[in-house]
Amino acid sequence: MKSCNQMITDLDTPTLLVDIDRLKKNINKMTSFAKDNNVHLRPHIKTHKSIHIAKMQLDMGATGITVAKIGEAEVMVEAGINDILIAFPIANKTKISRVKKLINRGVSLKLAVDQIEQLRILQQAFANDSFELEVWIKVNSGLNRCGVEPGKDVLELAKEISMSKNVTLGGIFTHAGHSYASKSFEEIHNIGVYEGKAIAESAADCENIGIPVPIRSVGSTPTYQIAGKVEGVNEVRPGNAAFFDAIQVGLGVAKEEECALTLLASVVGVYKESRLVLDTGSKSLALDKGAHGNDTVKGFGKIVGHPDITLERLSEEHGVAIFPTRTELKLNDRVQIIPNHACTVANLFDHYVVHKNGRVMTTWPVDARGQVT
Ligand SMILES: Cc1ncc(COP(=O)(O)O)c(C=O)c1O
């Protein structure tokens, strides 16, 4: 625990900062959307990987959480969180035995299914168990990563699940990650509407032949407030919206003042030819300019209060920035950087330093960082 009299400007760098007021506001925005639109909220915790923040989300109204990795689920279960969707297709023996351990502990765990072959493996693995495995069909709404196609293919898989012993269908879900490549809000809107319809219509098809689909879940930060309004959708799963980042600002999804996660950096030197160096290289900022074809960011992060400076290149420990003609920044000055991609940067740190208006309040571990399996 840090001293409450400490200001963030006194901290060593690089340090990962969370602005508590912005974080609460961002979570409140998600929970209010869910309440106002009568949908469940199941935030993806891959963004923050923090037990503390996941519990804040649950306390503020989330019904469960989403994870990508069993390791992330295991960390959250240890902390008493017990309603979890693992949104990644699982089919191998080692992973299935870890899943069983979690279910045996009473966790309400939902696994993603998107292929008959994978379903067969799960059916076999759970055939002789005394409990049922809940699966959610993963649907491809245009990202073209995992997932079955909406409509007929969902129906076929749902039929197979409904005939299974010990495997039940709890829901269908999709993630319109391709919204990150949008060039306009209109494009984001259209992707969001399609995302919602792909789920709502596929669920209706299943129910028309007597297969209930209790949960119809959508969500990416750019689209969840659009897809979540489509009739028939009853759950949203935003992740990044807890922190936001420079990619969301570039897309017009968030304002700079909403970004809750920043990296505190120091100026290492100011050099000729409009060049200055910060102590934030790829070890702390990640060489991430956005997945899924996003090209809205310039450089490797937004330096707060210095829009004319571009963080042009990163080596492991050095961040090389270019300023136009002159800068008031000098050796040892501190700056805050809004990362391009908050989720990958959080994964690089052991702790967040939590602050309110620049005053240090506490530290929170990034509990599930580095959970690659
Ligand atoms: C399946 C799934 N659901 C939800 C999310 C959350 O998306 P975002 O971080 O854009 O809110 C992701 C992110 O990768 C995801 O893969």
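Bear in mind these aren't lab numbers, they're just calculated from the coordinates by the rules spelled out. Everything numeric here is computed off the predicted structure, so don't read it as measured data. All Cβ positions, glycine included, derive from the backbone under ideal geometry; neighbour counts span all protein chains shown.
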query: What's the exposure ranking of H52, H178, going from fewest to most Cβ atoms within 10 Å?
result: H52, H178
Amide H within-cut-off set for A254, under 5 Å, with H built and near neighbours excluded: V249
query: Going down the list K55/K229; K35/K95; K46/K255; K93/K197; K49/K138; K46/K229, which pairs span over 27 Å between their C-alpha atoms?
result: K35/K95; K93/K197
Size of electric dipole in the range 283-373: Cβ of Lys, Arg +1 and of Asp, Glu -1, about Cα centre, debye, nearest 20: 240
message: For the chain, give me the percentage of DSSP beta bridges that are antiparallel, rounded to the nearest 5 percent.
response: 50
- line: So, with points 7 Å from each Cα along the Cβ direction, the T363-R334 label distance in nm works out to 1.5
- line: Dividing the alpha-carbon radius of gyration of the range 276-340 by 2.2 N^0.38 Å, where N counts its residues, gives 1.08
message: Can you compute the modelled spin-label distance between D21 and Q6, with each label point 7 Å from Cα toward Cβ, in nm?
response: 2.2
message: Relative contact order of the range 20-243, please, whole-number percent, based on alpha carbon pairs below 8 angstrom and at least 6 residues apart.
response: 20
query: What does the charge count near S179 come to, summing +1 for each Lys or Arg and -1 for each Asp or Glu among other residues with Cβ under 9 Å from its Cβ?
result: -2
- request: Identify the residues of the range 54-73 with backbone N under 13 Å of a label point that sits 7 angstrom from the Cα of K35 along the Cα-to-Cβ direction, or state none.
  value: 59-62
The range 349-364 - phi-based ³J(HN,Hα) in whole Hz, Karplus 6.51/-1.76/1.60, Gly and Pro as x: 10, 7, 9, 9, 9, 9, 9, 10, 6, x, 8, 5, 9, 6, 10, 10
- line: Out of G358, C343, Q248 - ranked by how far each Cα lies towards the positive end of the dipole of the range 220-373, with unit charges on the beta-carbon of charged residues - the top one is G358
statement: FRET efficiency (T94, Q124; Cβ distance; R0 22 Å; to 0.05) is 0.90
message: When a/c reaches 1.5 or more, the comparison of a/b and b/c decides; with that in mind, is the range 98-206 rounded, prolate or oblate per its Cα gyration tensor?
response: prolate
task: Decide, for the range 158-244, between rounded, prolate and oblate: order the square roots of the alpha carbon gyration tensor eigenvalues as a ≥ b ≥ c, take rounded if a/c falls under 1.5, and otherwise choose prolate if a/b is larger than b/c, else oblate.
output: prolate
field: Amide proton proximity set for L11, modelled H, under 5 Å, gap of 5+
entry: none
- prompt: Just from its helices, what would the mean residue ellipticity at 222 nm be for the chain, if runs of 4 or more DSSP H residues each count -39500 (n - 2.57) and the sum is divided by every residue, rounded to the nearest 500 deg cm²/dmol?
  reply: -9000 deg cm²/dmol
message: Using amide H atoms built in the peptide plane, which far-off residues or other-chain residues are under 5 Å from R313 H to H?
response: V320
19 Å reach of a label modelled at D308, 7 Å along Cα-to-Cβ, counting backbone N of the range 324-339: 324-331, 333-336
- request: Could you line up V139, V270 from fewest to most neighbouring Cβ atoms inside 10 Å?
  value: V270, V139
statement: In the chain, taking the dipole from +1 charges on Lys and Arg beta carbons and -1 charges on Asp and Glu beta carbons about the Cα centre, the listed residue (L329, I103, H306) farthest towards the positive end is I103
message: Given points 7 Å out from each Cα along the Cα-Cβ axis, report the R145 to I322 separation in nanometres with one decimal.
response: 3.2
query: When R145, R237 are ordered from fewest to most other Cβ atoms inside 10 Å of their Cβ, what list results?
result: R145, R237
query: When the C-alpha atoms of the range 20-243 are aligned to their principal axes, what extent does each axis show, in angstrom, from largest down?
result: 49, 39, 28
- prompt: How large is the dipole of the chain about the Cα centre if only Lys and Arg carry +1 and Asp and Glu carry -1, each at its Cβ, rounded to the nearest 20 debye?
  reply: 500
